[in-house]
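Below is one structure, written out as C-alpha cells, with a few remarks after it.
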Amino acid sequence: MINSVITGTGAYIPENVKKNEDFLSHIFYTARHSKIDTTVQNIIQKFGEITGIRQRVYADPEISASDMAIMAAKEAIRCSGVDIEKIDYIIVAHNYGDRSAGSRSGDNVPSLASRVKHHLGIKNSMCIPYDLIFGCPGWLQAVIQADLYIKSGNAHTCLVIGADTLSRVIDPSDRDCMLFSDGAGACILQSKEGISEKGILTSSVRSDTSDELDFIYSGPSNIPDDKDALYLKMKGQKVYQYAVSRVPGAMKDCFDKTGIPIHKLKMIFLHQANEKMDAAIVREFYKLYGTEKLPENVMPMNIGWIGNNSVATIPILLHQVITRQLPGFFLQQGDVIMLASVGAGMNINTVVYEY
C-alpha cells in the first residue's frame with residue numbers, strides 16, 4: 001500500500017504588521033458607493049468582534065508571491081531532507097500571481113511554479129511545475145492532486161505551495177479589506193509504503209457554481225470615481241451562510257469514509273477565514289455526530305495576528321502546530337487530523353490525515 005505522507009513543512013510570514021487601529025484613517029463605503037453611516041471606530045470594533053482579527057501581515061513592496069513561495073519551499077525542503085532533483089511535481093496554489101505593489105495587473109507568465117523551480121536551482125526536466133487557481137481552498141486542492149499522483153504511481157515526491165499577496169488586491173474603501181493579508185506555506189508530500197505511516201486517508205471535494213458563483217469575485221472599488229481597477233470583493237453574509245450550511249456536511253462525508261470514530265479526531269485545521277465563521281463550522285460539524293460539547297484544543301487558530309492570507313492559511317497553521325509554535329497545540333504519531341477549506345467558486349475541500 002502506498003501512502004502520501006507530509007515529510008516537511010515551511011512557511012513565510014511577512015513582518016510588516018498592520019493593526020486594526022491603522023485603519024482609522026480610512027473612509028469606508030458601501031457597494032452602492034455611499035459612505036457608511038457610522039464611525040470608523042465602530043466599524044473596526046465590530047469587525048474585530050466578528051472576525052477575531054487584531055492585526056494582519058503584509059509583504060514588503062519588493063517581495064512577490066513567488067518570492068514568498070520560494071522561501072516557504074526552502075524551509076519545507078530543509079525540514080524533509082529531500083533531494084530537490086527528486087521532486088516530481090511543484091504545484092503552486094495562488095489567485096493573483098505576482099502582483100507588484102501599486103500594480104493593477106498580475107504577472108502569471110511564466111507560472112509561479114516555474115519561477116519556484118528556477119530559483120530552487122532544480123535541473124531535472126522531469127520535474128513538472130504548474131499553478132492552480134481554486135480560490136482559498138487552492139493549497140488543499142493541490143495536496144489532493146499530489147496525493148492522486150503519488151497513489152497512482154506517477155510521482156514519489158511533490159512540493160505543494162500556497163502563496164498570495166491579497167494586500168495588493170484589496171479595496172481600501174471596503175470594510176472587507178481588513179480581512180486580508182499576505183503569506184506562503186508549503187509542504188513536501190512523499191510516497192511511503194507500509195502501515196506505520198498512514199498519511200492521507202481520505203479526501204473530498206465539492207463545487208457550487210450556480211447561485212454561488214459570485215459570492216467572492218473581482219469588482220470595482222466602492223469609491224464612485226475609481227472604476228478602472230478590479231479588487232477582491234465578497235458578499236460576506238452569503239459566504240457565511242454557504243460555509244456554515246455546506247462545509248460541515250462535506251467534512252462529515254470525508255471523515256465517514258475513514259471508518260474512524262469521531263472521538264479519535266484530534267484536530268481540525270480550517271482555512272483561517274473568519275473566527276466566528278470557523279467556530280460555527282466546527283460546532284455544526286460535531287452536531288452532525290450528536291455532540292454539543294467540542295473537544296478541547298480541537299481548532300487551532302492564528303487569524304487573530306496573521307489575518308486571512310487565502311491559500312496560505314492552512315499550510316502556515318499546520319507548520320506552526322507541527323513545529324509547536326502555537327501553545328496548547330501539538331501532534332503526536334498516530335493522531336488523526338482534518339484539513340478543510342472553503343472559498344471562491346464556491347469550492348469546498350477536505351482531507352483526513354493520520355500524522
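In the set (1) among the β-branched types (Val, Ile, Thr); (2) under 18 Å from VAL5 (Cβ atoms); (3) in a loop (DSSP other than H, G, I, E, B), the condition left unmet by THR291 is number (2). Considering (1) more than 28 Å from LYS233 (Cβ to Cβ); (2) touching a strand residue (DSSP E or B) at 6+ places or on another chain (Cβ under 8 Å); (3) part of a loop (DSSP other than H, G, I, E, B), the lone condition that SER125 does not fulfil carries the number (2). The criterion of at least 2 residues that are closer than 30 Å to ALA280 by Cβ and touching a His at 6+ places or on another chain (Cβ under 8 Å) is met by the following strands (runs of 3 or more DSSP E) wholly inside the stretch 1-80: 2-12.
Listed here are the residues, each with its yes/no results for (1) under 19 Å from VAL143 (Cβ atoms); (2) touching a Pro at 6+ places or on another chain (Cβ under 7 Å); (3) at pLDDT below 95.
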position: ALA72; (1), (2), (3): yes, no, no
position: GLY81; (1), (2), (3): no, no, no
position: ARG99; (1), (2), (3): no, no, yes
position: SER105; (1), (2), (3): no, no, yes
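The residue list ILE70, ILE50 contains one member that is surrounded by 21 or more Cβ atoms within 10 Å (Cβ to Cβ) and within 23 Å of the chain's Cα centre (by Cα), which is ILE70.
If you go through the stretch 71-101 and pick out every residue that is in contact with a Gly (Cβ under 6 Å, 6 or more places away or on another chain) and of a type in the set (S, T, N, Q), you end up with 1. What number of residues within the stretch 305-317 are of a type outside the set (Ser, Thr, Tyr), in a helix (DSSP H, G or I) and more than 22 Å from GLU284 (Cα to Cα)? Here the count works out to 6.
Here is a yes/no grid of residues against (1) of a type in the set (Lys, Arg); (2) at negative phi; (3) without any contact (Cβ under 8 Å) to a residue 60 or more places away in the chain:
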position: GLU275; (1), (2), (3): no, yes, no
position: LEU294; (1), (2), (3): no, yes, yes
position: MET299; (1), (2), (3): no, yes, yes
position: GLY304; (1), (2), (3): no, yes, no
position: GLY307; (1), (2), (3): no, no, no
position: SER310; (1), (2), (3): no, no, no
position: GLN325; (1), (2), (3): no, yes, yes
position: PHE329; (1), (2), (3): no, yes, no
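Annotation: of all residues in the stretch 83-98 being surrounded by 20 or more Cβ atoms within 10 Å (Cβ to Cβ) and aliphatic (A, V, I, L, M), the one that is farthest from the chain's Cα centre (by Cα) is ILE87. Please enumerate the residues belonging to the stretch 246-273 that are of a type outside the set (D, E, K, R), surrounded by fewer than 22 Cβ atoms within 10 Å (Cβ to Cβ) and assigned to a loop (DSSP other than H, G, I, E, B). Hits for the stretch 246-273 are THR258, GLY259, ILE260, PRO261.
The values are calculated or read from the model by the stated rules, or taken from the named source; none is laboratory data. Just so it is clear, the structure is predicted and the values come from calculations on it, not from any experiment. Neighbour counts run over all protein chains shown; Cβ positions are idealised from the backbone, glycine included.
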